[in-house]
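So the structure is just underneath, and the comments pick up after that.
The values are calculated or read from the model by the stated rules, or taken from the named source; none is laboratory data. Quick caveat, the model's predicted, so the values are computed rather than measured. As a convention, Cβ positions derive from the backbone with ideal geometry for all residues, glycine included, and neighbour counts pool all protein chains shown.
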Amino acid sequence: MSLIERIKAKAALNPKRIVLPEGDEERTIRAAAIIQKEGLAVPVLLGNAAVILKKAEELGADIEGIELIDPESSPQAETYTEALYELRRAKGLSREEAAKLVKDPMYFGIMMVKLSHADGLVSGAAHTTGDMLRPALQIIKTKPGMKVVSSSFLMDCPNKELGENGLLVYADCVVMPCPTAEELAHIAVSAAETARTLCDIKEPRVAMLSFSTKGSAKHELVTKVQEATAMAHELAPELLLDGEMQLDAALIPEIGQSKAKGSPVAGRANVLIFPDLQAGNIGYKITQRIGGAECFAVLQGLAKPCNDLSRGCSVEDIVSTVAMTCVQAQN
Ligand SMILES: CC(C)(COP(=O)(O)OP(=O)(O)OC[C@H]1O[C@@H](n2cnc3c(N)ncnc32)[C@H](O)[C@@H]1OP(=O)(O)O)[C@@H](O)C(=O)NCCC(=O)NCCS
């Protein structure tokens, strides 16, 4: 079974209620029909019911039985307005502005999750990452004890000798352009949790990546990764985590042995923490495009699961992301 097949099987064991704010978007409608049919989650589509039903009919998508909610006319709008106003008034949001925002399906969906009227949210087929992330960051906020929201890419590589039988978790590749040492430490701890939850990796082995291994180079960028490594040890003393190290020292046993002798991680890492977003984003695309890996992105560190899609996503990408969100919600 591939990684995504395993995730779907896990999702189907306990389907959670996942809200899709882009309910009138064609790929989303098709995906909702598949999700319902395969029992991967209980999808809820936001938008005008007449528009959604007409599109579904044109597409030949069977969405009978799927709950449709129109933020424009929902009786919950008042509850969400009041809750949003209370949450953001200290930041200068007026009640009128809150009322206007909850008519926006993205904010309405985020409020559903915030008030536990849904277990998770998936969006981004028709919105940018920032459009979806900003309300999630402002309203859902981070998990207790977690300083930042970041992302992990689950990389299913053809070379089964790498990582955990070909599986590697990369972070952060989407959210934080230039994390501080402390933020990098939190990203590392989150990514280890993602490896456990979504990849069933029982023993995450986390490598803090750099262009230096164990002091082989001296530079302020290397110092930052060394500091992040020390902070991550304090945050999660039980976690197998080591750094700073180069990518080859992290992945290849002989190189790990020679460059970082005695490290519990070097040569056998299954979670890779990149020092910044440029490295992470380029790194996952090299693995995908040149290395032929299949990759799946999730957000981590949020108090409740919300995930972003790429605007170029396929129907299958939406189905997979909903399944991953469902598994995150189960945990
Ligand atoms: C995530 C992102 C959208 C936040 O943008 P922003 O609107 O400038 O964020 P702000 O600094 O105004 O912060 C908004 C709120 O989110 C919080 N926040 C921002 N980043 C956060 C993070 N990583 N974790 C937790 N909270 C965060 C802020 O504390 C703030 O909260 P507050 O309003 O309650 O005080 C921005 O970092 C971003 O664009 N990242 C890159 C995303 C991207 O383009 N990726 C491309 C790869 S696909």
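Looking only at strands (runs of 3 or more DSSP E) that fall completely inside the range 271-331, which ones have 1 or more residues that are farther than 24 Å from Gln138 by Cβ and at pLDDT 95 or above? The qualifying strands (runs of 3 or more DSSP E) are 271-273, 294-300.
The single condition from (1) more than 22 Å from Glu25 (Cα to Cα); (2) exposed (fewer than 15 other Cβ atoms within 10 Å of the Cβ); (3) within 13 Å of the ligand (Cβ to nearest atom) that Arg95 fails is (3). Within the range 73-90, restricting attention to residues that are surrounded by 14 or more Cβ atoms within 10 Å (Cβ to Cβ) and either away from the ligand (no atom under 16 Å from the Cβ) or more than 15 Å from Lys141 (Cα to Cα) (or both), the residue that is nearest to the chain's Cα centre (by Cα) is Tyr80. Say whether the condition of being hydroxyl-bearing (Ser, Thr, Tyr), within 16 Å of the ligand (Cβ to nearest atom) and crowded, with 24+ Cβ neighbours inside 10 Å is met by at least one residue in the range 181-191. Yes, because at least one residue in the range 181-191 is hydroxyl-bearing (Ser, Thr, Tyr), within 16 Å of the ligand (Cβ to nearest atom) and crowded, with 24+ Cβ neighbours inside 10 Å. Consider the range 165-180 and keep the residues that are more than 25 Å from Met132 (Cβ to Cβ) and either surrounded by fewer than 21 Cβ atoms within 10 Å (Cβ to Cβ) or of a type in the set (Lys, Arg) (or both). The one that is farthest from the ligand (Cβ to nearest atom) is Asn165.
Counting only residues that are in a loop (DSSP other than H, G, I, E, B) and either over 23 Å from Lys8 (Cβ atoms) or modelled with pLDDT under 95 (or both), the range 163-199 holds 8 of them.
Remark: Val265 matches the filter, which requires a residue to be hydrophobic (A, V, I, L, M, F, W, C), touching a residue at least 24 places away in the same chain (Cβ under 8 Å) and either touching a Leu at 6+ places or on another chain (Cβ under 6 Å) or part of a helix (DSSP H, G or I) (or both). Take Gly215 and tell me if it is within 23 Å of Ala249 (Cα to Cα), more than 11 Å from the ligand (Cβ to nearest atom) and in contact with an Asp or Glu (Cβ under 7 Å, 6 or more places away or on another chain). Answer is no for this residue. Restricting the range 113-145 to residues that are within 13 Å of the ligand (Cβ to nearest atom) and among the hydroxyl-bearing types (Ser, Thr, Tyr) leaves a set whose member that is surrounded by the fewest Cβ atoms within 10 Å (Cβ to Cβ) is Thr128.
In this structure, does Lys261 turn out to be surrounded by fewer than 18 Cβ atoms within 10 Å (Cβ to Cβ) and over 27 Å from Met231 (Cα atoms)? So Lys261 fails the test.
Among the residues of the range 248-286, the ones that are polar (S, T, N, Q) and away from the ligand (no atom under 15 Å from the Cβ) come to 4 in all.
Taken over the range 1-49, residues that are assigned to a helix (DSSP H, G or I) and polar (S, T, N, Q) amount to 2.
Taking the conditions (1) modelled with pLDDT under 95; (2) of a type in the set (Gly, Ala, Ser); (3) on the phi > 0 side of the Ramachandran plot in turn, Gly130 satisfies each one other than (3). Selection of first residues in the range 208-232 that are without any contact (Cβ under 8 Å) to a residue 40 or more places away in the chain and of second residues that are aliphatic (A, V, I, L, M) and part of a loop (DSSP other than H, G, I, E, B), restricted to Cβ pairs under 8 Å at least 6 apart or on distinct chains, gives the following pairs, ordered by first then second residue: Phe211/Ala217. Take Gly39 and decide whether it is surrounded by fewer than 16 Cβ atoms within 10 Å (Cβ to Cβ), touching a helix residue (DSSP H, G or I) at 6+ places or on another chain (Cβ under 8 Å) and not polar (S, T, N, Q). Judged against the criteria, Gly39 is a match.
Screening Val148 with (1) surrounded by 18 or more Cβ atoms within 10 Å (Cβ to Cβ); (2) of a type outside the set (Ser, Thr, Tyr); (3) assigned to a helix (DSSP H, G or I); (4) within 14 Å of the ligand (Cβ to nearest atom) gives one miss only, at (3).
Table: residues versus (1) within 22 Å of Ala31 (Cβ to Cβ); (2) part of a loop (DSSP other than H, G, I, E, B); (3) touching a Gly at 6+ places or on another chain (Cβ under 7 Å).
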{"site": "Val51", "(1), (2), (3)": "yes, no, no"}
{"site": "Lys55", "(1), (2), (3)": "yes, no, no"}
{"site": "Ile63", "(1), (2), (3)": "yes, yes, no"}
{"site": "Tyr80", "(1), (2), (3)": "no, no, no"}
{"site": "Ala83", "(1), (2), (3)": "no, no, no"}
{"site": "Leu87", "(1), (2), (3)": "no, no, no"}
{"site": "Phe108", "(1), (2), (3)": "yes, no, no"}
{"site": "Met112", "(1), (2), (3)": "yes, no, no"}
